[in-house]
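This report concerns only the one structure given below.
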Amino acid sequence: MSESGKSVVKFEMSSSSAILPRILIVLGMVAAVVTILYFTPMPDHTFKSCDRPCHALDWPMICRIQLTIEMYQTMSGVCKDCPKNTTDCYNEFCASADGQVRGIMTANRQIPGPPIHVCHNDIMVIDVINKIPGHNLAMHWRGQPQNEAPFMDGVPMITQCPILGYTNFQYRFRASAPGTHFYHAFADSDRADGLFGAFIVRQSDKIEAHRKLYDEDLKEHVIMLSEWTRDLVSEFSEFENVPKSILINGKTGSESGPGMSVFNVKKGRRYRFRLAYTSGNFGCPMVLTIQEHLLKVIALDGKSIKPYEVSSVTLNKGERLDFVLKTDQDEGKYEMLVTSDCQGYKVKGSAVLNYEVSLEAVQARVRNSRPNPRNFDTASCASEIGKVCTTDVAALDKMPEELREVNRRIYLNFDYVRADDREDSYVEWKTRKYRVNNISFTFPSSPILTQPEDVPISSTCNELKIPKKCQGLETCECVHVEHIPLGAKVELVLLNSAEDDQELIFHLHGYHFYVVGYRNFDYPIKMEDIRAMEVRNELFQRNLLSPVLKDTIRIPRNGSVALRFLADNPGFWMLRDEQSKGYTRGMDIVFQVGSYREMVPNPSGFPSCGSFVGPDFFLI
């Protein structure tokens, strides 16, 4: 055999000997993966609660929850001798409220509804059972962007059909946004009657931004504030149902003496409290203080901010705020006081911060000095001594560079006009036509996300597309939809030019936004003036470095704000007027982000609804 032949044989033998180890390595890797998957616990479909310590490498759990919605009443039979016997006020299913009997709307006969505590990215499977005859509703999961399931956002006639009486609807979505949130009925009147509950999404301590600032984050330290009235709230009420008191986790102190909510702590510790203003008929700002204690604010609307230490906090409906409380006072009981001065009505609610006896308390340093007054206000307001406003707050992370410039700017003017004297104005809300850019929002006849073919094109509108029926009218009533290309860098410029002294509150579904600019005028101003000032670069001194990130914004009378977000979540998302008692009073608007082909397809068998035209055979 020639030398060249020997070389070929030698090369073939060396190649064969190299393949075998490679095959063994691949087989070993496959065996390792199979072994890991076999012994790794998979999500359990049978358990109901996902309340547990959250770890970075854990599998997401499937959380099965059932919410039964029904009419109930405060001080029912299960309350027994409450308020004479305070212990009975804490009986299961006893909604003591302020100690007076009135009707309420509840989830699982609780007010607030059962709290939901889950970990980041857990899968929620929530059955909502509507047991209220003749009443339809939908549930919104505030703070969750619903990127994978826009049809689970809970907006009736936009993302789903309302849940009719005696029917069920199963919400399935991923808890993708960590932080302090809550769930509630979409209609504000239902919220005000008690249909809301905490929705807390925790994440691993390793990635929790402010984990070093507190020792404990207990599920018992969630504070749900709600304005309380003397009777059921209805958008058709002839008289204003004035606020009577403020409930803290469904309870408050009063002359009748029902049990108050109690928050237990131990001395010498740092506790994270999660605060949410859930509902209210009037929806006026609330101020919370804790006797002799400072509050270190660390998050707004579920997003971390740079800490601010204050003696009180002010927030309004729909907002959430996290703070750290250091228990450095003498052992005893301290008052948690919430007050609101609203349209001439002064109301309050109270709870108890209770120091439990502990060994650490003996060794802890005592500090009895009263903190200097300093208020943290979630409003967009001017800086002043002793006050921190949203526009002063810095987010923990910088705003993305790509949002330094925008390619879609939308101007929205919110106001109202007086109704014609010839119209039926037997209730106050009918004397005004609320509107956005001269458009008064109304809902479509079918959900625009899931049944676009059933929504007449002539029923939708915006500034550039006014229906023929509205030609020459001062106000157009239609489905207000603004189109935003997917991936656009958006800035919303909102102006409150209504004559009401009460501020406007708006919640953006599907997104959080950066509050980059604010200005409050001492005189009435028109949108034309706002646009002209913007052209001259005189409107805002924008903060494009680290503005606060929120999903709910407050706008005072004659105030204007600029909000920015990246339109990366396709779907139909509402900018919701928080002061509407029912589904709408005309100040809502829907943003269509992307085209239908860019949106998540509807699940098979998704419920449909809409108008009905009688059969033709009756005409024969």
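Structure notes:
- Long-range HN-HN contacts of residue 160 with modeled amide H, under 5 Å: 155
- The value obtained for the stretch 57-213, namely the Cα convex hull volume divided by the number of residues, is 137 Å³ per residue.
- Chain lengthening between residue 31 and residue 457 when straightened (0.36 nm per residue, less Cα-Cα): 147.6 nm
- Around the amide H of residue 408, modelled in the peptide plane, lie the amide H atoms of 489, 491, all under 5 Å away and 5 or more residues distant in sequence or on another chain.
- Residue 475/residue 93 FRET efficiency (R0 56 Å; Cβ-Cβ; nearest 0.05): 0.75
- Applying 1/(1 + (r/R0)^6) with R0 = 25 Å to the Cβ-Cβ distance of residue 232 and residue 167 gives a FRET efficiency near 0.65.
- Estimated from helices alone, the mean residue ellipticity of the chain at 222 nm is -3000 deg cm²/dmol (sum of -39500 (n - 2.57) over DSSP H runs with n ≥ 4, per residue).
- The stretch 472-576: trypsin sites (Lys or Arg not before Pro) in DSSP loop, at most 10 other beta carbons within 10 Å: 536
- Extension gain, residue 73 back to residue 600 (0.36 nm per residue minus Cα-Cα distance, nm): 185.7 nm
- In a reduced charge model with +1 at each Lys and Arg Cβ and -1 at each Asp and Glu Cβ, the chain shows a dipole moment near 1400 debye about its Cα centre.
- Here P(r) over Cα pairs in 10 Å bins from 0, in percent was calculated from the structure, and among [x] 3, 13, 20, 20, 17, 12, 8, 5, 1, 0; [y] 3, 15, 25, 26, 16, 7, 4, 2, 2, 1, 0, 0; [z] 3, 13, 22, 24, 18, 11, 6, 3, 1, 0 it sits at label [y].
- Heavy-atom accessible surface of residue 231, to the nearest 10 Å², is about 90 Å², with a 1.4 Å probe and all protein chains retained.
- Distance (nanometres) between label positions extended 7 Å along Cα→Cβ at residue 354 and residue 375: 3.1
- Three-way shape call for the stretch 537-600 based on the alpha-carbon gyration tensor, with the a/c threshold at 1.5: oblate
- Cα gyration tensor shape for the stretch 505-620, rounded if a/c is under 1.5, else prolate or oblate: prolate
- Accessible surface for residue 357 stands near 120 Å², nearest 10, in the context of the full protein assembly shown (1.4 Å probe).
- Surface composition of the chain: carbon and sulfur atoms hold 54% of the protein heavy-atom accessible area at a 1.4 Å probe.
- Largest accessible area first, the listed residues 468, 131 line up as 468, 131 when surface is computed with a 1.4 Å probe on the assembled protein chains.
- Solvent-accessible surface of protein heavy atoms, probed at 1.4 angstrom with all chains present, puts 260, 336 in the order 260, 336, largest first.
- For the chain, relative contact order (Cα pairs under 8 Å, six or more residues apart, normalised by length) works out to 12 percent.
- Estimated vicinal HN-Hα couplings, Hz - the stretch 437-450 in sequence order (Karplus 6.51, -1.76, 1.60; Gly, Pro = x): 6, 6, 10, 9, 5, 9, 7, x, 7, 9, x, 6, 6, 9
- Looking at the stretch 166-293, the DSSP beta bridges with both ends there are about 65 percent antiparallel.
- By definition, a body whose alpha carbon gyration tensor gives a ≥ b ≥ c is oblate when a/c is 1.5 or more and a/b is not larger than b/c, and the stretch 410-541 fits this oblate description.
- Per-residue SASA entry for residue 87, accessible area with 1.4 Å probe, Å² rounded to 10: 100
- Separation of alpha-carbon centers, the stretch 255-322 and the stretch 582-620, rounded to whole Å: 39
- Protein-only accessible surface at a 1.4 angstrom probe places the residues 219, 80 in the order 80, 219, largest first.
- Accessible surface, per residue, of the chain when the full set of protein chains is kept, probe 1.4 Å, Å²: 47
- Taking label points 7 Å from Cα along the Cα-to-Cβ direction, residue 383 and residue 216 give a separation of 3.7 nm.
- For the chain, the antiparallel share of DSSP beta bridges with both residues in that region comes to about 70%.
The values are calculated or read from the model by the stated rules, or taken from the named source; none is laboratory data. Since this is a predicted model, take the numbers as computed values, not measurements. Ideal geometry is used to build each Cβ from the backbone, glycine not excepted, and the neighbour counts take in all protein chains shown. When the accessible area is computed, the model is the full protein with side chains, heavy atoms only, and any ligands, DNA or RNA have been set aside. Shrake-Rupley method; radii C 1.70, N 1.55, O 1.52, S 1.80 Å.
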